[in-house]
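Asker: Got a structure for you, written out below as structure tokens; questions coming shortly.
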Amino acid sequence: MSRPKNLFWNPIVRREALTRMRSARTMLLLLGFLAILGAVAYAAYGSQVNANTNVFQVSRAGITVFVALAGTVLALITVVVPGLTGGAIAGERERQTLDLLLCTRVHPWRIVVGKLTGSLLFILFLLVAALPVLSVVSLLGGVQLSDILIVIAAGSMTALALGALGILASCVNRRAAGATLSAYVATFLFFAVPPLIGAIGQASHPNGVVTGGASFGYMTSGGGGRALIAGGPAPFPIPGASRILGPSGPPVVDMLSPVVSISGTLSTLQSQANCATFSGFGGPPICTAADQVTDGAFNGWHYWQVGLLFQGILALVCIALSVLVLRGRVPRTRRGERVAG
Amino acid sequence: MIDARHLVRRFGTHIALSECSFEVDRGTIFGLVGPNGAGKTTTLRILAGLLAPSGGTAFVDGIDVGADPQAARERVGWMPDFFGVYERMTAAEYLSFYADCHRVPARRVPAVVADLLELVNLADRAATPVDVLSRGMKQRLCLARSLVHDPSVLLLDEPASGLDPRARVELRELLRELRDMDKTIVVSSHILPELAEMCTSFGFIHGGRMIASGPLEAITGPIERSSVRIEVGGDAATAERLVASLAEVHAVRCDGQVLDIELNGPHETTSAVIAAMVRSDVPIRAVAPRTSSLEEVFMQMTSTDVGEHGVRLQR
């Protein structure tokens, strides 16, 4: 087998795709996904048109609908991915097919990557199926291709990170149900802990200035919430937190959360909606979002960019740990002792 | 073909295998006999390269399983005591998937799958979803799965478990067919009559130790007690009392006119018993040695204390 072909050889992906599409649950999931998206698009457009009589405000309906749809897609990904990946490898163990796979020439890393890819391909399938709904936005105008790409990047990276987290949960749990539950708990912690640490760090800072990241406000009120706490009083001062987190609060830790990447992305788009009054007519955004890191190693980066970076790192770490766990299940050939087969 | 030497496997403080040694020649069906928890599955998993031994070595087709388990796995077809099937896949897709996993060239996969389905008599079920196949069919399909990469050694863990009589007969015929194809087959089971009919040599494993291994005749030879069946005429009860009083006889059981006699020595001891009966004018209608059934051998083997390293018998 040629080298590139060998690299991409993965029978697990093909089997996953084959069997998943034959499941009735898949069709129900697709139906629910599209129904929710359709309802959100309808509601968002209706609220924008009914609430505004000004033609320029109505012209922003495209962006509003897009932000609502993008947020819904990302939220649905967050809900669906742990369910897909949580039971992936634990399910193989429960069906007692994992040992059979490990007996073959499929290396544990291919099993991990195959399971993850199989799940992510399904997410891709959902996104492609949602294109007709999302294309409504193009009729309304106001959304740049770059906006769509940002949302796709944020969604993909969030799916990858959560998927990898789910696969890791699946590798360390014996039962599929336990693994899925663990994946959801891990996802919740992944979302909640970094912003919470951010909030603690912010609380420990007397001026309460948000110096880095979307912090707690993103979690409570979406991207726009940042302004609510910037410069405000500390919500709940915790003595000693500044010693742990540094005097100016944690500029990085809360960006680990997908909330930052998701709400940061949406915040960027919403800021454009607020600033670029005429962009509804297809013109370029007049002002850009100010959601940028202002100090530290990521100075000048958009929050969503930092979020994506951290999510990518998290995904790689989870994949590596999953492979290590699986490798430990069967004895491996010691280096230099491979006998030519 | 298989050479296990002093295999040891510990799980924490529990010793699952202790100094387990045996050999299996090419083209034989080797029955691994033992009660539940004796160490059969542990032995098979070590040979399959799925479990590292804590001590000792095992060679499969010349490959040191401990040093190169990957190479060993490529030479072994492993069939555990569960089906391990996927839902929403047909029998042909199931085999194709595993053929792909074993890197069987794509152009050969359809032919390999068709041949295997034919071999296990499931050709007409190629398009049937795996999860709706009967237990016997699933078992045969799993046997076909273990053959997709054409291994030289087959390790079957409790293959007849839960099968109806017909499915057992079919499986037995299938294993004989595979033996004729020069496959070396190791079958573990505690259903002894099943093994007795299909295996050419045996390994008795008990408490993690291989008590004896080899062809049944070789194993039963050194057994201290042999049995003989004598049919007598006249008063069988008197004959029974006479025989029971002899020093050469360990135990006797009378069933109508037939005396089942367990001797305190090899079959040659029978002559002393017959001589005593002739001297006492007991009419003898027929004498037949009772060959030890696998079950009897097993019961006798496992009822005695196992020595420090067990007993290893060469064929």
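The values are calculated or read from the model by the stated rules, or taken from the named source; none is laboratory data. Not measured: the values here are computed from a predicted model. Ideal geometry is used to build each Cβ from the backbone, glycine not excepted, and the neighbour counts take in all protein chains shown. Heavy atoms of the whole protein, side chains included, go into the accessibility calculation; ligands, DNA and RNA do not. Shrake-Rupley method; radii C 1.70, N 1.55, O 1.52, S 1.80 Å.
Asker: To the nearest 0.05, what FRET efficiency results for B:A244 and A:R95 with a Förster distance of 60 Å applied to their C-beta separation? List each step's numbers first, then the result.
Answerer: On the way: r = 58 Å, r/R0 = 0.97.
According to the calculation, E is roughly 0.55.
Asker: Eigenvalues of the Cα gyration tensor times 5, then square-rooted: what semi-axes does that give for segment B:1-55, in whole angstrom, largest first?
Answerer: Semi-axes (√(5λ), whole Å): 20, 12, 10.
Asker: Next question, about the same structure. Principal axis extents for segment A:37-192, Cα atoms only, whole Å, descending order, please.
Answerer: 66, 28, 21
Asker: Now a separate question. With the crude spin-label approximation of a point 7 Å out along Cα→Cβ, what separation in nm comes out for B:D164 versus B:R253?
Answerer: Modelled inter-label distance: 3.2 nm.
Asker: Separate question: How far is helix B:270-279 tilted off the main Cα axis of chain B, in degrees rounded to 10, range 0 to 90?
Answerer: Helix B:270-279 and the main axis of chain B meet at about 30 degrees.
Asker: What 222 nm value per residue comes from the helices of chain B, counting each DSSP H run with n ≥ 4 as -39,500 (n - 2.57) and dividing by all residues, nearest 500 deg cm²/dmol? Provide the component values of the computation, followed by the final result.
Answerer: Working: 11 runs with 105 residues, N = 315.
My calculation for chain B gives -9500 deg cm²/dmol from helical runs alone.
Asker: With 10 Å bins from zero, work out the P(r) of chain B over every alpha carbon pair and list the percent per bin.
Answerer: 6, 24, 26, 20, 13, 8, 3, 0
Asker: Quick query: amide H of B:L32 versus all other amide H atoms, modeled in the peptide plane; which residues come in under 5 Å with a sequence gap of 5 or more or a different chain?
Answerer: Residues meeting the criterion, in which the H sits 1.01 Å from N, are B:V187, B:S188, B:S189, B:G203.
Asker: Take the Cβ-Cβ distance between A:L28 and B:T90 as r, set R0 to 30 Å, and report the resulting FRET efficiency rounded to the nearest 0.05.
Answerer: Values: r = 23 Å, r/R0 = 0.77.
Step by step, r from the Cβ atoms, then E = 0.85.
Asker: Using the structure shown, list the pairs from A:K5/B:K138; A:K5/A:K115; A:K115/B:K183; A:K115/B:K138 with a Cα-Cα distance above 27 Å, or answer none.
Answerer: On the way: A:K5/B:K138 33 Å; A:K5/A:K115 19 Å; A:K115/B:K183 34 Å; A:K115/B:K138 25 Å.
Pairs exceeding 27 Å: A:K5/B:K138; A:K115/B:K183.
Asker: Relative to 2.2 N^0.38 Å, what does the C-alpha radius of gyration of segment B:143-241 come to as a ratio? Two decimals please.
Answerer: 1.50
Asker: When Cβ neighbours within 10 Å are restricted to other protein chains, what is their mean count per residue of peptide A:20-26? Show your work: numbers first, answer last.
Answerer: Numbers: counts 1, 1, 4, 2, 1, 0, 0.
The mean count of partner-chain Cβ atoms within 10 Å per residue comes to 1.
Asker: What figure, in Å² to the nearest 10, do you get for the accessible area of A:K115 with a 1.4 Å probe and non-protein molecules left out?
Answerer: Only protein atoms counted, so the area is about 0 Å².
Asker: Quick one: Cα centre-to-centre distance for segment B:52-109 and segment A:59-93, in angstrom?
Answerer: 37 Å
Asker: Then there is this: With charges only on Cβ, +1 for K and R and -1 for D and E, what is the dipole size of chain B about its Cα centre, in debye, rounded to 20?
Answerer: Details: 33 positive and 42 negative charges, 128 e Å.
Approximately 620 debye in magnitude.
Asker: Extending each Cα 7 Å along its Cβ direction at A:A153 and B:I15, get the distance between those two points in nm, one decimal.
Answerer: It is 6.3 nm.
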